[in-house]
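Okay, structure first, notes after.
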Amino acid sequence: MKKLIVSLLALAMCAGSVFALSACGGDKKEEENKDPDNTEQTPGGNEDSTGGNNDEDTPSGTSLFVMEFEDVDFTGKIGAGLSGSTQGLGMIQASNGADFGLPESVSASNGHYVSYTYSENQFEFTFTSDKATEVSITLRLNSEIGSVRYDSKSLGIVFNDEDLQYSAITVSPGEDPTGMGLTAHCFTDYKISVKGEVKAGENTLVIETRENTLNGGSSFAAPLFDCIKLTPDDTSAKLEFTGKVEGNY
Ligand SMILES: [Ca+2]
């Protein structure tokens with residue numbers, strides 16, 4: 001009987017120590033979980049730099065003008081994905097490259113991009129300029145359906161009602177410099193071969209995904225959209241994204 005009590009006691013102590021060990025393991029896990037919290041401070045810094053990209057905060061003399069696809073009006077838009085659909089703001093995806101250890105050079109500008117692009121849609125950017133000038137146009141894009149060659153028939157760029165006839169661009173999956181397979185979060189700048197004519201006053205730039213069968217010869221293809229960069233020939237021109245919608249994400 002005494003033996004039984006002693007062994008029961010030992011068992012209880014053992015169980016106690018096992019419990020203590022696992023509790024200790026739990027502490028470790030908690031510490032690991034704190035790391036993401038620490039890295040979350042970096043995105044804050046990112047927001048500052050993207051804010052700087054936006055015209056409002058851009059110091060005069062900076063000629064690069066950036067408009068984010070996630071900042072257009074999504075009212076009434078129906079988005080189609082590879083398997084499923086969404087509408088309106090559901091097309092906007094959060095992607096903060098710093099969270100994944102990606103450099104800013106490949107990360108989504110402003111930490112967001114637009115997906116569910118496999119249907120006919122128009123992304124309209126309204127902006128003003130204080131003077132007339134020509135602008136170089138760069139689209140920041142990604143592809144989740146392999147390399148696809150787009151031209152004005154499949155990917156429209158309509159600048160102040162002029163349907164720009166540009167040389168085809170081949171949009172490829174993003175290149176992930178970390179080798180972690182994060183191509184879905186890696187974007188590339190594609191410069192458009194023709195310039196846009198900016199007027200003094202209000203301007204519109206519309207990016208249109210147009211009916212096509214470029215995805216495998218049978219399905220609708222379109223890139224993932226991050227942002228548009230305009231570089232005015234007249235570097236003193238002051239552009240402002242007046243159509244920017246607040247509170248989309
Ligand atoms: Ca963006």
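Points worth noting:
- Residue within the range 137-158 that is within 16 Å of the ligand (Cβ to nearest atom), surrounded by fewer than 20 Cβ atoms within 10 Å (Cβ to Cβ) and either of a type in the set (Val, Ile, Thr) or more than 20 Å from the chain's Cα centre (by Cα) (or both) present: yes
- Residue in the range 172-187 that is assigned to a strand (DSSP E or B) and touching a residue at least 40 places away in the same chain (Cβ under 8 Å) present: no
- Selection within the range 193-214 - assigned to a loop (DSSP other than H, G, I, E, B), touching a residue at least 60 places away in the same chain (Cβ under 8 Å) and in contact with a Leu (Cβ under 8 Å, 6 or more places away or on another chain): 210
- The range 109-124: number of residues that are under 23 Å from residue 96 (Cβ atoms) and either hydrophobic (A, V, I, L, M, F, W, C) or more than 11 Å from the ligand (Cβ to nearest atom) (or both): 5
- Pairs with Cβ under 6 Å, 6+ apart, first in the range 105-116 and in a helix (DSSP H, G or I) and modelled with pLDDT of 95 or more, second of a type in the set (A, V, I, L, M, F, W, C) and within 6 Å of the ligand (Cβ to nearest atom): 109/227
- Condition check for residue 217: in a loop (DSSP other than H, G, I, E, B) and on the phi > 0 side of the Ramachandran plot: yes
- Residue check for residue 190: farther than 22 Å from residue 133 by Cα and either more than 20 Å from the chain's Cα centre (by Cα) or touching a residue at least 40 places away in the same chain (Cβ under 8 Å) (or both): no
- Those residues of the range 235-249 which are among the acidic types (Asp, Glu) and closer than 23 Å to residue 90 by Cβ, in sequence order: 246
- In the set (1) buried (at least 16 other Cβ atoms within 10 Å of the Cβ); (2) part of a loop (DSSP other than H, G, I, E, B); (3) small (Gly, Ala, Ser); (4) in contact (Cβ under 8 Å) with a residue 24 or more places away in the chain, residue 167 fails one condition alone, (1).
- Test: residue in the range 186-202 that is in contact with a Gly (Cβ under 7 Å, 6 or more places away or on another chain) and among the basic types (Lys, Arg): no
The values are calculated or read from the model by the stated rules, or taken from the named source; none is laboratory data. Everything numeric in this text was worked out from a predicted model, so none of it was measured. Reconstructed Cβ throughout: ideal geometry from the backbone, glycine too, with neighbour counts over all protein chains shown.
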